[in-house]
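Undergrad: There's a structure below that I have some questions on.
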Amino acid sequence: MDFSFTSEQDDLRREARSFLEANPSPSMEQLAELGWVGILQGGDFTFLDAAVLFEELGRALYDGPYALNEIAGQPGDDVWSIEIDGLVPHMDQVSRVLTPDMRGSSAHGDSLTTVDETLGLGRLASNDAVAAHGEWVDVERRLLAALALEAVGIGAKAIELALAYVSDREQFGKKIGSYQAISHSLVDGYVAVELSRSLAYWAAWCVAEDDEQVGLAVAAAKSQAAEAAVLACEKSIQAHGGIGFTWEHPLHRYYKRALWLEGALGYGREHRAEIAASLLSS
Amino acid sequence: MELRDTPQEAAFRQEVRNFIAQNLPSSSKARGARRFEDADRDWSRKLGEAGYAGLTWPKEYGGAGAPYSHQAIFLEELARAEAPSHLGVIGLGMAGPTIMAWGSPEQKERYLSKILTADEIWCQGFSEPDAGSDLAASRTRIDDQGDHFLVNGQKVWSSFAHIADFCIIVGLGLPDEPRYKNLTYVIIDMHAPGVEVRPLVQITGHPEFNEIFFTDVKVPKENLLGTVGEGWQVAMTTLLHERGTLGFALSATLDVAVRKLIALAQERNVTDPILRDRIAREWIELQALKYTNYRSLTTLTKTGIPGPEGSASKLVWSENNQRLTKLALEILGSHAQLTDGSGDGYWQYQQLRSRGNTIEAGTSEILRNIVAERVLGLPRSR
Ligand SMILES: Cc1cc2nc3c(=O)[nH]c(=O)nc-3n(C[C@H](O)[C@H](O)[C@H](O)COP(=O)(O)OP(=O)(O)OC[C@H]3O[C@@H](n4cnc5c(N)ncnc54)[C@H](O)[C@@H]3O)c2cc1C
């Protein structure tokens, strides 16, 4: 039993965090230079290495197709997105799109306007699909785990922003973080994110090891982590007062990403229905 | 990251499984891990003899000196078999570690091994009528009389006091000193003259905690832990262990509850999608708690210091257990009111008992203060 990342993975996390702080919106070329592109296509890396990056990219609110391209796992030099619930994230940044029937299409179609303006959602219009490599169950599992990890990055960042703010802001002559109505609410947000972090890491390990519990683990992790990220953002917005409600403050962008994650590939309720079916059948 | 057992852990797990299969009395199995006191002394004694009672205690104190992962595996296997835990929870989890940290060689020699064998049961007398969350406000007098201490006062809500042989108490030793420097910590012989225990009936109808009255109780000098006036520091050691060692025991009891919940839902053929949603949620919450405990365990094993993620376990567990037991009642329906002998009353007892979970061992409000201040570094609320 060892539920921790290796020191190399910790180094990768540090490297990713400092790089993304300076370049929150890197190009695929920049990511390739870092050696991150193709991390899941064999070599020395496992899904746990990718997991570190997925979480850090979420934390940085990265707005590109890196994770989807890795998860699609298709050979060749094309950059891929994956159709999720009929919608294609970052369609304008990719050349190919993987659909749940495991076919690949060229990335042509309509660009859609979205609440989270960084998603670049499109709807596929091309009909030149050809068979793609792999199985959808595997893609879906990797995707659910990656969405969970992204959500953990978002939720943790939202809480950090709130902690910094309430430790500084004063009202009635005291730091607002000393009021229990504020601190206890943030504790609940923090705890929810930390619990879902454990689920997301468990799910990532199950994917890496193709563990027999992988289906349950990714469903549990995705549903819980996305809900925790939404909760963390809502608590953070409340703790910020008026400034948290503005377009100018970054919080709304975390919140909108969290709301997308909550719905993508099914709300928690849908995953819990599957989990219940599995638990109650045996 | 490796979430499977190492070969050594797997072998230990198998050994525990065999031990339980061969030794668990069928009567206590039938009763399940329903109440602490159901764990009879025989079973506790067997756990002690097999070396499972003080798994992580150092060998010099009669423990097995095993890694924390073995403690986790042991508790998981107890939960899997729905077997009761050792009766001496206060001795094992609180009094013992406090004596190891602060006790003299004579005290260690005198007390530790009998905790493991369940020959002596301990209770904790911290709370008082006017000092609950605010433990530093303890007013029970511990007066130095030269060759002994004289103890006068009252403790309350003390679990196991009615069956205990010894009690760890903190009280006012130096009334003129400032807060945190005025307390003294002693071991009290519960059979000494002047000690009176009055059971208090809980919300469940069972008397599982007690008032303790001390009237001119003579306590030998050798029962002091730390120095006179150092009681607060000694008490912090006790509380650190109370919360620190609790994590795995808590997820193990929750594991039993989730297993029983699923069995109930299967038996009642629950098809209502809302109930099924909530059942799945409780299962997910259990996994989240379990894997969070694994993360703390790894941090603890690697650094010797519990990670911050562990401090929230008790908070989350108590709320999970309250939600889960109410859900079980809802599955039972309005007939859950009946106490006429239909059903064994398991869930009715558990649901009422769960209300204590957010009060005992630090209320949820106090735990949130601790997480806010010590984990998140927020400014103090007081
Ligand atoms: C089942 C059970 C078993 C127990 N076993 C033992 C035992 O074996 N030994 C023992 O010594 N004690 C035991 N206790 C006592 C327990 O530790 C106390 O009940 C607990 O510490 C709370 O103290 P209190 O009851 O005096 O409540 P109070 O401290 O008066 O609290 C009342 C309410 O005020 C809140 N509150 C208090 N201070 C603050 C604050 N600073 N900020 C926000 N809210 C606050 C509390 O959270 C609570 O909601 C047991 C209790 C229960 C329920």
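The values are calculated or read from the model by the stated rules, or taken from the named source; none is laboratory data. Remember, predicted model here, so these are calculated numbers, not experimental data. Every residue, glycine among them, receives a Cβ derived from its backbone with ideal geometry; neighbour counts consider all protein chains shown. Protein only, heavy atoms only, side chains kept; ligands, DNA and RNA dropped before computing areas. Shrake-Rupley method; radii C 1.70, N 1.55, O 1.52, S 1.80 Å.
Undergrad: Please turn the phi angles of the stretch A:61-74 into ³J(HN,Hα) values with the Karplus equation 6.51 cos²θ - 1.76 cosθ + 1.60 (θ = phi - 60°), one per residue in order, whole Hz, x for glycine and proline.
TA: 6, 4, 10, x, x, 3, 5, 5, 5, 5, 6, 4, x, 8
Undergrad: Further, regarding this structure: When Cβ neighbours within 10 Å are restricted to other protein chains, what is their mean count per residue of peptide A:268-281?
TA: 5
Undergrad: Could you state the number of Å between the C-alpha centres of the stretch B:314-373 and the stretch A:38-80?
TA: A separation of 43 Å, based on Cα centres.
Undergrad: How big is the dipole moment of the stretch A:1-141 about its Cα centre under a simple scheme where the beta carbon of each Lys and Arg is +1, that of each Asp and Glu is -1, and everything else is neutral? Debye, nearest 20, please.
TA: 200
Undergrad: Return the value, in Å² to the nearest 100, of accessible area buried between chains A and B (probe 1.4 Å, both sides summed).
TA: Chains A and B together bury approximately 4300 Å².
Undergrad: Hey, what angle do you get for helix B:273-303 against the long axis of chain B, alpha-carbon based, 0 to 90 degrees rounded to 10?
TA: Its long axis makes an angle of about 50 degrees.
Undergrad: Of the heavy-atom accessible surface of the protein assembly as shown (probe 1.4 angstrom), what whole percent is carbon and sulfur?
TA: Here it works out to 51 percent.
Undergrad: So what are the ³J(HN,Hα) numbers for the stretch A:78-87, from phi and the Karplus equation (6.51, -1.76, 1.60; θ = phi - 60°), rounded to whole Hz, Gly and Pro as x?
TA: Result, rounded to whole Hz: 5, 9, 10, 10, 10, 6, 10, 6, x, 10.
Undergrad: In addition: Roughly how many debye, to the nearest 20, is the charge dipole of the stretch B:122-234 about its Cα centre, given +1 on each Lys and Arg Cβ, -1 on each Asp and Glu Cβ, and no other charges?
TA: 140
Undergrad: What residues have an amide H closer than 5 Å to that of B:PHE149, excluding those fewer than 5 places away on the same chain, when H is modeled at 1.01 Å from N in the peptide plane?
TA: For B:PHE149, whose amide H was placed from the backbone, the distant partners under 5 Å are B:VAL219, B:LYS221.
Undergrad: Let me ask another. Mind listing the long-range amide H neighbours of B:THR56? Cut-off is under 5 Å, sequence gap 5 or more, other chains count too, H placed in the peptide plane at 1.01 Å from N.
TA: Under 5 Å from the amide H of B:THR56: B:ALA64, B:ALA66.
Undergrad: Within 10 Å of each Cβ in peptide B:357-368, how many partner chain Cβ atoms are there on average? Round it to a whole number, please.
TA: 1
Undergrad: Need the list of lysines near A:LYS175 for cross-linking: C-alpha distance under 19 angstrom, and skip anything on the same chain fewer than eight residues off.
TA: Excluding near neighbours in sequence, the set is A:LYS235.
Undergrad: Let me know the charge dipole size of the protein assembly as shown about its Cα centre in debye, to the nearest 20, where only the beta-carbon of Lys, Arg (+1) and Asp, Glu (-1) is charged.
TA: So the magnitude is around 1660 debye.
Undergrad: A further question follows. Once phi is turned into ³J(HN,Hα) by the Karplus curve 6.51 cos²θ - 1.76 cosθ + 1.60 with θ = phi - 60°, what whole-Hz value does each residue of the stretch B:329-340 show in order, with x for glycine and proline?
TA: 4, 5, 5, 5, x, 5, 5, 4, 5, 6, 10, 8
Undergrad: Just to be sure I understand the rule: take each whole DSSP H helix in chain A, project its Cα atoms onto its long axis, keep it if the span is 24 Å or more and its mean Kyte-Doolittle hydropathy is at least -0.5. Which ones pass?
TA: A:136-166, A:180-209, A:214-240
Undergrad: What is the average number of partner chain Cβ atoms found within 10 Å of a Cβ in A:176-189?
TA: Shielding by partners across A:176-189 averages 5.
Undergrad: Could I ask something else about it? So, by mean Cβ neighbours within 10 angstrom, what's the order for A:190-201, B:358-369 with the highest one leading?
TA: Descending packing order for the listed peptides: A:190-201, B:358-369.
Undergrad: Any aspartates and glutamates with Cα under 17 Å of the B:LYS114 Cα? List them, leaving off those in the same chain fewer than 8 positions away.
TA: Of all the aspartates and glutamates, those that pass the test against B:LYS114 - Cα under 17 Å, at least 8 places apart if same chain - are B:ASP40, B:ASP42, B:GLU49, B:GLU60, B:GLU106, B:ASP165, B:ASP189.
Undergrad: I would also like to ask the following. Cut-off 10 angstrom, C-alpha nodes, Gaussian network model of chain B. Which of B:ASP189, B:ASP255, B:ASP130 fluctuates the most?
TA: B:ASP130
Undergrad: Give me the 1.4 Å probe accessible area per residue for the stretch B:122-234, excluding ligands and nucleic acids, in Å².
TA: 43
Undergrad: Please name which of B:TRP122, B:THR56, B:MET1 has its Cα lying farthest along the dipole of the stretch B:1-150 towards the positive end, using unit charges on Cβ (Lys, Arg +1; Asp, Glu -1) and the Cα centre as origin.
TA: B:MET1
Undergrad: Taking chain A as a Gaussian network, where each spring joins two C-alpha atoms under 10 Å apart, which residue of A:HIS240, A:HIS184, A:HIS108 fluctuates the most?
TA: Evaluated over chain A, the most mobile residue of the options is A:HIS184.
Undergrad: Calculated FRET efficiency, B:ALA101 and A:ASP85, Cβ-Cβ r, R0 51 Å, to nearest 0.05?
TA: For B:ALA101 and A:ASP85, the calculated efficiency is 0.35.
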